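What follows is a single structure, written as C-alpha cells, with notes after it.
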Amino acid sequence: MDDLASFLRTRRSRVDPSVVGIRTDSRRRVEGLRREEVAHLSGVSVDYYVRLEQGRATQPSEQVLDALARVLGLDETERGHLYRLARQRRRRAKSPSGRLRPELLRVLDLVTDAPALIMDHRMDVAAGNRLAGLLYGRELPGLNTARHIFLEEAERGLYADWDRCTLDVVGHLRLAAGKYPDDPRLASLIGELAMGSDRFRRLWARADVRARTHGRKAYRHPLVGLLELHQENFALPDDSGMELLVLSAAPGSPAEDGLRLLSSFSGGSKNMTLDGNPGWSQLGGRQS
C-alpha cells in the first residue's frame with residue numbers, strides 16, 4: 001500500500017532547488033531535485049540513493065534517514081513516516097485489535113454538549129454519542145468517514161470544508177498504510193476509494209501524510225445550518241488503535257446555539273440518514 005521508494009520520489013519532486021542552494025535555468029526539465037542532487041546533499045552515493053528509490057536498498061541507517069529528512073525538508077509527521085517505511089522490512093506492526101472497552105462507552109455517554117465519537121485507524125466509527133448521531137443523521141457504528149466523504153457526501157455538502165477534509169483523510173490513511181502495511185481491510189478500503197473517486201486517486205499519488213490532532217471542522221447541517229466546530233483527537237491508552245474525537249463549539253458562538261438546537265430534537269441516531277431514507281422528518285426537517 002505504501003513504500004519508501006514512492007515516498008522519496010514524491011518528496012524530492014516538491015523541493016525548490018534554490019532553497020538548497022542549487023541554481024537553475026530555463027533548460028531544467030526536472031520538477032524538484034534530481035536524484036544525484038539529493039544524494040550529494042545527503043552525503044550518500046548516487047548509486048545507493050537510486051537503489052533506495054527503486055526499492056532495491058534495504059535498512060538505511062539512522063544517519064542516512066536523518067540526512068534525507070533534512071534535505072527533503074520533511075516536517076515532524078513526514079519524518080516519522082519516513083522512519084516507519086524504512087523499517088517495514090525489519091518489523092511490521094500488527095493491526096490493532098479494535099476492541100472497545102465498556103468503560104469507554106460510558107465515558108462517551110458523559111459527553112452531552114458536543115458530538116463525540118470513537119474511530120479507528122481505518123476511519124471506521126466504532127461508537128458515537130447521541131449528538132454525533134444527530135450531526136451525521138445516521139447510526140454511527142458501521143460508518144466509515146473516509147468513504148462517507150469521498151463516495152457519499154461529495155455532492156450533498158455536509159462538510160463545509162470538503163476540499164480540506166479530503167486532504168486530511170488521504171494524509172491520515174497514508175500514515176495508517178505506512179504503519180500497518182499488512183492490514184487487508186485498510187488495503188481494501190484504499191482500493192475502493194481509488195476505484196470510486198478521481199480526487200482520491202490524485203491525492204493518493206501525491207503521498208502526502210497528515211497527523212490527526214486538532215483543528216477547525218465546519219459542517220453544513222440540513223436542520224441547523226453552518227456549524228463551525230473545533231475537533232480534538234485523543235489517542236486511547238490501549239492497543240485498540242482508536243481515538244476519541246470531540247467536536248466542541250466556542251462559548252457564545254452561533255455554533256454553540258446550533259448544537260443546542262440540534263440536541264433539542266427528539267430521537268437519537270437510529271433510523272437517521274442523509275441519503276433520503278426516513279430520518280430527517282423525525283427531527284422536524286423535510287425528507288429530500
Taking the stretch 226-252 and keeping only residues that are among the hydrophobic types (A, V, I, L, M, F, W, C), touching a residue at least 24 places away in the same chain (Cβ under 8 Å) and either surrounded by fewer than 16 Cβ atoms within 10 Å (Cβ to Cβ) or in a strand (DSSP E or B) (or both), one is left with L226, L227, L229, L244, L245, V246, L247
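Among the residues that make up the stretch 104-124, is at least one of them in contact with a His (Cβ under 9 Å, 6 or more places away or on another chain) and more than 30 Å from S263 (Cα to Cα)? Steps first, answer last, please.
Filtering the stretch 104-124 for residues in contact with a His (Cβ under 9 Å, 6 or more places away or on another chain) gives 121, 123.
Filter once more, keeping what is more than 30 Å from S263 (Cα to Cα): none.
Looking for residues that are in contact with a His (Cβ under 9 Å, 6 or more places away or on another chain) and more than 30 Å from S263 (Cα to Cα), one finds none in the stretch 104-124, hence no.
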So R79 fits all but one of (1) out of contact with any Gly (no Cβ under 9 Å at 6 or more places or on another chain); (2) at pLDDT below 90; (3) closer than 30 Å to D16 by Cβ; what number is the exception? (2)
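Tally up the residues in the stretch 152-192 that are in contact with a Leu (Cβ under 7 Å, 6 or more places away or on another chain) and either of a type in the set (S, T, Y) or not in a loop (DSSP other than H, G, I, E, B) (or both), please. Before you say what the answer is, go through the steps one by one.
Step one: list which residues in the stretch 152-192 are in contact with a Leu (Cβ under 7 Å, 6 or more places away or on another chain), which gives 156, 158, 160, 166-167, 170, 176-178, 180, 190.
From what is left, the residues that are either of a type in the set (S, T, Y) or not in a loop (DSSP other than H, G, I, E, B) (or both) are 166-167, 170, 176-178, 180, 190.
Of the residues in the stretch 152-192, 8 are in contact with a Leu (Cβ under 7 Å, 6 or more places away or on another chain) and either of a type in the set (S, T, Y) or not in a loop (DSSP other than H, G, I, E, B) (or both).
Would you mind finding the one in T77, T10, T58, T24 that is over 27 Å from the mean Cα position of the chain (by Cα) and under 26 Å from L173 (Cβ atoms)? Before the answer, list the steps.
On the way: T77 fails: over 27 Å from the mean Cα position of the chain (by Cα); T10 fails: over 27 Å from the mean Cα position of the chain (by Cα); T24 fails: under 26 Å from L173 (Cβ atoms).
Step by step, each of T77, T10, T58, T24 is checked, and only T58 is over 27 Å from the mean Cα position of the chain (by Cα) and under 26 Å from L173 (Cβ atoms).
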Of a type in the set (F, W, Y) and out of contact with any His (no Cβ under 8 Å at 6 or more places or on another chain) - does that describe any residue in the stretch 142-152? yes
Being surrounded by 16 or more Cβ atoms within 10 Å (Cβ to Cβ) and touching a residue at least 60 places away in the same chain (Cβ under 8 Å) is the filter here, so list the residues in the stretch 10-39 that pass it. R11, R12
Residue list for the stretch 101-139, restricted to those being assigned to a loop (DSSP other than H, G, I, E, B) and within 18 Å of the chain's Cα centre (by Cα): D120, H121, R122, M123
(1) touching a Ser or Thr at 6+ places or on another chain (Cβ under 9 Å); (2) modelled with pLDDT of 95 or more; (3) not in a helix (DSSP H, G or I): which one isn't true of Q287, the others all being true? (2)
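Give me the residue from the stretch 186-205 that is closer than 19 Å to E152 by Cα and of a type in the set (G, A, S) and, out of that set, surrounded by the most Cβ atoms within 10 Å (Cβ to Cβ).
Here the answer is S197.
Return the residues of the stretch 215-225 that are free of Cβ contacts under 8 Å to residues at least 60 places away in the same chain and either under 14 Å from A116 (Cβ atoms) or buried (at least 19 other Cβ atoms within 10 Å of the Cβ) (or both); say none if nothing qualifies.
Filtering the stretch 215-225 down to residues free of Cβ contacts under 8 Å to residues at least 60 places away in the same chain leaves 215-218, 224-225.
Matches in the stretch 215-225: K217, V224.
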Under the condition of being among the aliphatic types (A, V, I, L, M) and modelled with pLDDT under 80, which residue from the stretch 21-59 is farthest from W204 (Cα to Cα)? A57
With modelled with pLDDT under 85, within 19 Å of R138 (Cβ to Cβ) and of a type in the set (V, I, T) as the only criterion, which of T273, T213 stands out? T273
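Identify, from the list D208, D183, the residue that is surrounded by 13 or more Cβ atoms within 10 Å (Cβ to Cβ) and within 15 Å of the chain's Cα centre (by Cα). Spell out how you get there, then give the answer.
On the way: D183 fails: within 15 Å of the chain's Cα centre (by Cα).
Just a single option satisfies the conditions, and that option is D208.
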List the number of the failed condition for A39; all other conditions in (1) among the hydrophobic types (A, V, I, L, M, F, W, C); (2) in a loop (DSSP other than H, G, I, E, B); (3) closer than 18 Å to S6 by Cβ hold. (2)
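For the stretch 216-262, which residues satisfy the criterion of being among the aromatic types (F, W, Y) and over 14 Å from Y136 (Cα atoms)? Break it down stepwise before answering.
Of the stretch 216-262, the ones among the aromatic types (F, W, Y) are 219, 234.
Across the stretch 216-262, the qualifying residue is only F234.
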Considering only the stretch 173-184, I want to know if a residue exists there that is touching a residue at least 60 places away in the same chain (Cβ under 8 Å), under 20 Å from L245 (Cβ atoms) and in contact with a strand residue (DSSP E or B) (Cβ under 8 Å, 6 or more places away or on another chain). no
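The values are calculated or read from the model by the stated rules, or taken from the named source; none is laboratory data. This one's a predicted model, so the numbers in the text were calculated from it and none came from an experiment. Ideal geometry is used to build each Cβ from the backbone, glycine not excepted, and the neighbour counts take in all protein chains shown.
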